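For reference, the structure discussed in these notes is given below.
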Amino acid sequence: MPSTAAGTKPTLLWVAALLLWAALPFVATRHMVDLLVFAGLYSIAGLGVAFLLGQCGIVNLAQSVFYGIGAYSVAWFCARKGLPVPVGIASGIVLSVAMAAVVGWPILRLSGYFLALATLALGIIAQVLFLEWDWITGGTLGIGGIPFIEILGFTFDTPARFYFLVWPVALLLLVLHHNLLHSRAGLALRAMRDEPDAAAVLGIDIHKLKVQMFMLSAMLGSLAGSLFAHYVTFVSVDSFAIDRAISFLLLAVLGGVYTVWGPVLGALFITILPQWLSRLGDIHAFVFAAALIAAVILLPEGFGGAVTNWWQRRRTRRA
Amino acid sequence: MDKTPQTTPALLRISGISHKFGGLQVLDGVDFEVADGSLTGLIGPNGAGKSTLFNIVSGFLLPQHGRVLFDERDVTRDSVRARSHAGLVRTFQTPKVFAGLTVRENLMTGYYRHLRSGTAGNILRSPRSRQDMAAMHARALEAGERFSLQGVMDRPAGQVPAGMQRLVELARAWVSEPRLLLLDEPSSGLNSAEIAQMREALTQLNDAGMTILLVSHDMDLVDIADEVHVLCFGSIIASGTMAQVKIDHAVRQAYLGV
Amino acid sequence: MSPDLLFQSVLTGLTNGFVYGLIGLGIASIFRGTRIINAMQGDFALIGGITAVLLLERQGWPMLPAFVAAVLIGGAAGWLLEVLLVRPLRRRGGTEDSYLLLTLGCAFAVSALVLYFVGRDSHALPGIGGEGIVVIADAAMRIHALWLIAISLAVMLTLRLFYSRTSLGLSMMAAALDPQGALTTGINVPLMRTLTFALGGLVGGLAGILVGPLITVYFDMGLLLTLKGFAAAILGGLANPMGAIVGGVTLGLLESIAIVTISSGYKDVIAMVILIIIMIVMPNGLLGRRTRKGG
């Protein structure tokens, strides 16, 4: 079929990738699949941080706050109160989005350094509150007994099963993100990122957009946190400290904040690398920091950006 | 064109604007009007206060004294966004195109304020969202043809030569259907061929009904204007047609020291 | 609440305040010299502190040489940061966000290195005057704390004189205010920028050895110190580094009073809330003039 050869090749590639993705849990070790599940969860949370940085120029170090709210909402409403799964997830989202709106409105008037450090301060406040308010969060003892997610009788109680829940969700969110970028709002975001003054002249409400994006980012963080809780069935404060927020920022920058699937690359990197380095002890924290520095100086568009640029150059050379 | 000021409503009225920077009185009681449908020029030597006045009119600076009236409404304290929704659109001395967007996308953003689809709808690709995108595409296409930008529509705006960037900015402003278009030194950085193109483009826009206020120190560009105000050392020293202003005594003193 | 308790908390707040002020002084100095907010300033303190710990404990150095070396190592760290990392980023067109991410990355890197090589334990540092205490109106204050305050004030004065009286200091100011003009008068502007960071490193290292005896030295002390120092710098007005000391003292006192009225577990929360509030409400600080709006 020579006339459709150009059309079938990419489709074949997509199908092959899909098959590869679907086969992984059956060929990889349970531990590896567990890591891949975490990569999926972090992709979701990291997507929130990535588009906020890439499209709005906002460094968000508060994602751990919403990750925690999502997880603790599930722990509270499902484990403690015995309510169905959707209630936990939905309440996490509602709480996170509301908080993002209330806190975001004043602090998003700040810009640059001030805003980034304000989000860092928020992350620290939440870290302390999660610890101190142990009547809600169980403090360091945590809350256990979180039920597994069950859809139509199928329980997502193993890494392999959860893998088939988290990754479709992540993929769906990437598609929605793509929709956002190529819409009226997406244009406005990129406009305000490039030239805020000119954007204002065209009637773009920069502040309102920033708050909306912050709320969206919080929603993603919360969703990731809720899924996390339903996966590990036990949550405690250690998972929601500032280094979690730093991981999310790290994976966003490494993966590339200007490509839609960048967060996936970054998430894979930060979940799988510590595995390889585990022989060397606690060195992965340093490697991550060094990778962040290297990315900022040498690869500002992240792995995703590097791949996209390479792909563009190949296409223009062939054409 | 003979306009009788009393019957043609002033679209823009500047009244008693004064502003001081540090110890320097940059603007001192500036009064002038821009008639609806006119092509008005504001000229003056560098340092006369043109940029300050421009920023005050467009909403980037709050004046210490005086008022800005747009369509008889006091907009002195209105935000840049509010003014844009009222139809007051400006360009910048160094063209501010959205470098990361293609020329087409730049033009599309011009139509932003006329559309209503919300962020949620955009994410879910609602019908209204798709309509909005179609409308933006259509306007961008129109603008591309009108301003001869077809060749660069899909190039990132940051990679387009400077003279063309200015055209992109102008086209984008046209897309937004302004009531009043404010141009800030539109000829700076252009060669004489490009200035001639600019004159042509602006004259055509005005003939088609757009009110334009042109701020420049370049006499050759401003002579397309119906009416010209001369700003010197913080106040308007002369108003009238270009010919009248050129022979005005005060103007000659200021410019030529005669 | 008894007046004794209040007075004691005032003294504690004062001491902490001067530490925050020193960190803030470093942040504001680097900002004034390079327009970069150094998110690793608190980690310069960590570097100074941990160097002193290692020299004293593992190498058996006497106190004064160890402290001097610690401060100098801090300065060296600042030097290296600028030359090895900030300069390449500048050359590639650094934006505010990228400088922030860079210095944040360095903060994490330093913290991670200390974690890897030294571990999670807190390490004590000997204070000046040992464990000696001075009693002021029924409240106790460590002699070291008095030294801390005195040294901080001395640093503030020295820096002020340095910037206004010495030719090097004036050159650094000139390079910051008008790089082009400074170049034409023969000032080595890139070197001035490096020196600014080195100076920040020195001040940070000094803060480390001064605060170490009070709160011990541990691998993740940097971030919180940076944030509190940043709050001090903003309160004092970023354009005015000396104001950071005033800002720091204000922050320290507010923090202390809040602790005795609310609870000590919320200590850091209070400081962070104050930071956010002052960024929104008074971004130019108590003393600063109108410079930037809201960051």
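Structure notes:
- Here B:Ala162 does not qualify as touching a Leu at 6+ places or on another chain (Cβ under 8 Å) and either among the aliphatic types (A, V, I, L, M) or in contact (Cβ under 8 Å) with a residue 40 or more places away in the chain (or both).
- Test: residue in segment B:138-161 that is β-branched (Val, Ile, Thr), more than 13 Å from chain A (Cβ to nearest Cβ) and not in a helix (DSSP H, G or I): yes
- Subset of segment B:20-38 [farther than 12 Å from B:Ala48 by Cα, more than 21 Å from the chain's Cα centre (by Cα) and in contact (Cβ under 8 Å) with a residue 60 or more places away in the chain]: B:Gly29
- Boolean, B:Leu202 is surrounded by 14 or more Cβ atoms within 10 Å (Cβ to Cβ), on the phi < 0 side of the Ramachandran plot and assigned to a strand (DSSP E or B): no
- Selection of segment B:12-55 for residues being among the polar types (S, T, N, Q) and assigned to a strand (DSSP E or B) yields B:Ser15, B:Ser18, B:Gln25, B:Thr40.
- For segment C:47-99, a tally of residues being in contact (Cβ under 8 Å) with a residue 60 or more places away in the chain and not aliphatic (A, V, I, L, M) returns 12.
- Selection within segment A:62-84: residues that are small (Gly, Ala, Ser) and touching a Ser or Thr at 6+ places or on another chain (Cβ under 9 Å). The member of this set that is farthest from A:Gly144 (Cα to Cα) is A:Ala62.
- The one condition from (1) of a type outside the set (Gly, Ala, Ser); (2) surrounded by 20 or more Cβ atoms within 10 Å (Cβ to Cβ); (3) touching a strand residue (DSSP E or B) at 6+ places or on another chain (Cβ under 8 Å) that A:Gln55 does not meet is (3).
- Among residues of segment B:205-245, those that are assigned to a helix (DSSP H, G or I) and touching a strand residue (DSSP E or B) at 6+ places or on another chain (Cβ under 6 Å), counted: 4
- Residue that is buried (at least 24 other Cβ atoms within 10 Å of the Cβ) and more than 14 Å from chain B (Cβ to nearest Cβ), where the choices are A:Leu227, A:Leu189, A:Leu171, A:Leu152: A:Leu227
- Matching residues, segment C:211-263, being among the acidic types (Asp, Glu) and over 24 Å from C:Ile47 (Cβ atoms): C:Glu255
- Pick from segment B:77-97, criterion surrounded by fewer than 17 Cβ atoms within 10 Å (Cβ to Cβ) and more than 18 Å from B:Leu183 (Cα to Cα), ranking: farthest from the other protein chains (Cβ to nearest Cβ): B:Arg77
- Residues that are over 15 Å from A:Asp205 (Cβ atoms), at the interface with chain A (Cβ under 7 Å from one of its Cβ atoms) and of a type outside the set (Val, Ile, Thr) within segment B:98-123 comprise B:Phe98, B:Ala99, B:Gly100, B:Leu101, B:Glu105, B:Met108, B:Gly110, listed in sequence order.
- Only listed residue being surrounded by 24 or more Cβ atoms within 10 Å (Cβ to Cβ) and under 24 Å from A:Ala241 (Cα atoms), chosen from A:Ala121, A:Ala101: A:Ala121
- Checked against the criterion of being closer than 30 Å to B:Ala10 by Cβ, touching a helix residue (DSSP H, G or I) at 6+ places or on another chain (Cβ under 8 Å) and not in a helix (DSSP H, G or I), the candidates B:Leu167, B:Leu181 yield just one match: B:Leu181.
- Total residues in segment A:107-128 satisfying the condition of being more than 7 Å from chain C (Cβ to nearest Cβ) and assigned to a helix (DSSP H, G or I): the figure is 5.
- Residue in segment C:283-295 that is within 13 Å of chain A (Cβ to nearest Cβ), of a type in the set (Val, Ile, Thr) and out of contact with any Asp or Glu (no Cβ under 7 Å at 6 or more places or on another chain) present: yes
- Of the helices (runs of 4 or more DSSP H) entirely within segment A:154-271, those holding at least 1 residues that are of a type in the set (D, E, K, R) and more than 25 Å from A:Phe26 (Cβ to Cβ) occupy A:184-194, A:196-201, A:206-232, A:242-255.
- Subset of segment A:40-64 [aliphatic (A, V, I, L, M) and within 13 Å of the chain's Cα centre (by Cα)]: A:Leu41, A:Ile44, A:Ala45, A:Leu47, A:Val49, A:Ala50, A:Leu52, A:Leu53, A:Leu61, A:Ala62
- A single member of B:Phe60, B:Phe32 is surrounded by 15 or more Cβ atoms within 10 Å (Cβ to Cβ) and modelled with pLDDT under 90, and it is B:Phe32.
- Residues of segment C:95-146 classified as in a helix (DSSP H, G or I) and either crowded, with 16+ Cβ neighbours inside 10 Å or within 14 Å of chain A (Cβ to nearest Cβ) (or both), total: 26
- Note on segment B:183-194: among residues that are closer than 22 Å to B:Val34 by Cα and surrounded by fewer than 24 Cβ atoms within 10 Å (Cβ to Cβ), the one that is nearest to the other protein chains (Cβ to nearest Cβ) is B:Asp184.
Residue-wise test of (1) exposed (fewer than 13 other Cβ atoms within 10 Å of the Cβ); (2) within 14 Å of another protein chain (Cβ to nearest Cβ); (3) hydrophobic (A, V, I, L, M, F, W, C).
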| site | (1), (2), (3) |
| --- | --- |
| C:Ile149 | no, no, yes |
| C:Gly169 | no, no, no |
| C:Met173 | no, no, yes |
| C:Gly181 | yes, no, no |
| C:Gly204 | no, no, no |
| C:Ile209 | no, no, yes |
| C:Tyr218 | no, no, no |
| C:Leu224 | no, yes, yes |
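The values are calculated or read from the model by the stated rules, or taken from the named source; none is laboratory data. Just so you know, these numbers come straight off a predicted model, no measurement behind them. We place every Cβ from the backbone using ideal geometry, glycine too, and count neighbours over all the protein chains shown.
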